[in-house]
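The values are calculated or read from the model by the stated rules, or taken from the named source; none is laboratory data. Please read these numbers as outputs of a predicted model, since none were measured by experiment. Quick reminder, even Gly has a Cβ in these numbers, built from the backbone with ideal geometry, and neighbours come from all protein chains shown. In case anyone asks, the SASA skips ligands and DNA or RNA and just uses the protein heavy atoms, side chains included. Shrake-Rupley method; radii C 1.70, N 1.55, O 1.52, S 1.80 Å.
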Amino acid sequence: RIKMERRDSRYVVKSRALLFESPLRLTPYIGGADIDATALQAFIEEQYQRAGLTLQNIDAGVLILTGVAAQRANARVIGEALALHTGKLVAVSAGDMLETTLVAHGAGAVQLSRDAGLRVMAVDVGGGTSKIAICSDGEILDRAVVDVGARLICLDEAGRVTSIEAAGHRFAIDAGITLRVGDTLPEDSRRKLAERMADRLFQAMAATPSDGELGQWLRTPPLRERTPPDVLLYSGGVAEYLHGRERDAFGDLGPVLAAAIEHRSKAWRIPTRAPLHGIRATVMGASQYTVQLSGSTIFVAPEDTLPLRNVMALSPRLPLGGEAINRSAIAAEVRRAIEPLDAHNPAQCVALCLQWEGSASYGRLDAFCRGVIDGLKQSLSRGHPLVIVTDTDIGGLIGMHCRQECGLVNAVVSIDGIALSELDFIDVGEILESSGAVPVVIKSLLFPVAASTATVD
């Protein structure tokens, strides 16, 4: 339950309370290839009943597809179908970078880095991948994802292999183990595989320069930040063993992988703390609706581009200070922000969000607009509209310049007076005839926080 408070023209979160937590369930598959939609739907409906809730009780929410499950052929169709059926949900397929950002917030690394002034590394070891985020002063400085997970190889009660992910095959080759579905995997071979996985994970955590060995395990560019963290937060399913909250085995390498990680973590001599949320760190969030009205200094062409729905906000660190704006530098930062999303979900429309600095002279505006268009080249080539959201009354100038001076043929939606942050999703409504403004619905991923910081100022 989320309580909202109106402050000026915005609603902010006053408090939040957790009403119900479902039991954990392994993703159901049909034949190991596709997600079992029927079993998943039945599970969700059962949890509504157990919580004493109906669809009519739900105002908003988020459905997030993550990890190996998100890569299944029918994942997106199921996600969209469940979102439509379940109510007012934002359906998000969390690529590697987005999932890592979710982890950093859900595990409490962002909050801890801000409140305690520490450099915090969040490490989420899941079933298919491990996510690493470095946080400082309440911001995520760097992220990386490596193919290390407990369920890359799954076993039955007799110790026979029931499934092997592609990365699991690579680890078996790396460890010199012949592995096929139906083979029995001895305990010493499980430990050997876990040791190799832990080695690769800590190479990635230590920001070891990408060589031939580590490169094949990384799903993203390696960490750039090489200053050791002050504290480690382990989350994810495997971390439940590290924190003593789980002892049972679930037909995977979880227990032995946790033991291998614990051994290396002690040798690294960096203090560890319990995360705010462990196995639920990625998915502990809710969808919060706030509505803002963008002012009349906007630009929309053509007008039938609107409405737009579920546009993901990107907030790159754009170098807008100084007398001159560097077109190449703008393009590089925009490209860096969108590249992970382009690789995972090229069909996703994005909104470039920024806080404008300095004057809006022709030269500065021209360099900025052309840099943005350069950075979004791949997205624009797919026919996506150029969507720009600013916090000051410069939306109209930016939109007109992109369209008229830069000759951009794509649809342009440039709105202002809106404050967004990374992980927000927006709906932009049709232009209101009476004022020329547009309504903007902001759907923010809302992360749980410690009780002492439950109120948002």
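Return the total of residues in the range 318-341 being under 18 Å from S359 (Cα atoms) and of a type in the set (K, R).
1
Can S235 be described as at pLDDT below 90, open to solvent by less than 60 Å² (accessible area, probe 1.4 Å), among the hydroxyl-bearing types (S, T, Y) and touching a strand residue (DSSP E or B) at 6+ places or on another chain (Cβ under 6 Å)? I'd like the intermediate steps shown before the answer.
Details: at pLDDT below 90: no; open to solvent by less than 60 Å² (accessible area, probe 1.4 Å): yes; among the hydroxyl-bearing types (S, T, Y): yes; touching a strand residue (DSSP E or B) at 6+ places or on another chain (Cβ under 6 Å): yes.
So S235 fails the test.
Anything in the range 148-178 that is surrounded by fewer than 23 Cβ atoms within 10 Å (Cβ to Cβ), in a loop (DSSP other than H, G, I, E, B), on the phi < 0 side of the Ramachandran plot and of a type outside the set (S, T, N, Q)? List them, or say none.
Selection gives D156, E157, A158, E165, A175, I177.
Of the residues L26, L55, L18, only one is open to solvent by 60 Å² or more (accessible area, probe 1.4 Å), at pLDDT 65 or above, of a type outside the set (K, R) and touching a Gly at 6+ places or on another chain (Cβ under 7 Å); which? Talk me through it step by step, then tell me what you get.
Values: L26 fails: touching a Gly at 6+ places or on another chain (Cβ under 7 Å); L18 fails: touching a Gly at 6+ places or on another chain (Cβ under 7 Å).
It is L55.
Go through (1) small (G, A, S); (2) open to solvent by less than 10 Å² (accessible area, probe 1.4 Å); (3) out of contact with any Leu (no Cβ under 8 Å at 6 or more places or on another chain) one by one and return the number of the condition G138 breaks.
The single condition G138 does not satisfy is (2).
So in the range 238-285, with the set limited to residues that are of a type in the set (A, V, I, L, M) and surrounded by fewer than 19 Cβ atoms within 10 Å (Cβ to Cβ), which one is nearest to L24 (Cα to Cα)? Give the steps one after another, and end with the answer.
First, the residues of the range 238-285 that are of a type in the set (A, V, I, L, M): 238-239, 242, 249, 253, 256-261, 267, 270, 274, 276, 279, 281, 283-284.
Remaining after also requiring surrounded by fewer than 19 Cβ atoms within 10 Å (Cβ to Cβ): 249, 259, 267, 270, 274, 283.
Values: A249: 14, A259: 22, A267: 32, I270: 30, A274: 20, V283: 12 Å.
The selected residue is V283.
So which of L320, L341, L386, L306 is over 20 Å from N410 (Cβ atoms) and crowded, with 16+ Cβ neighbours inside 10 Å?
The unique qualifying residue is L320.
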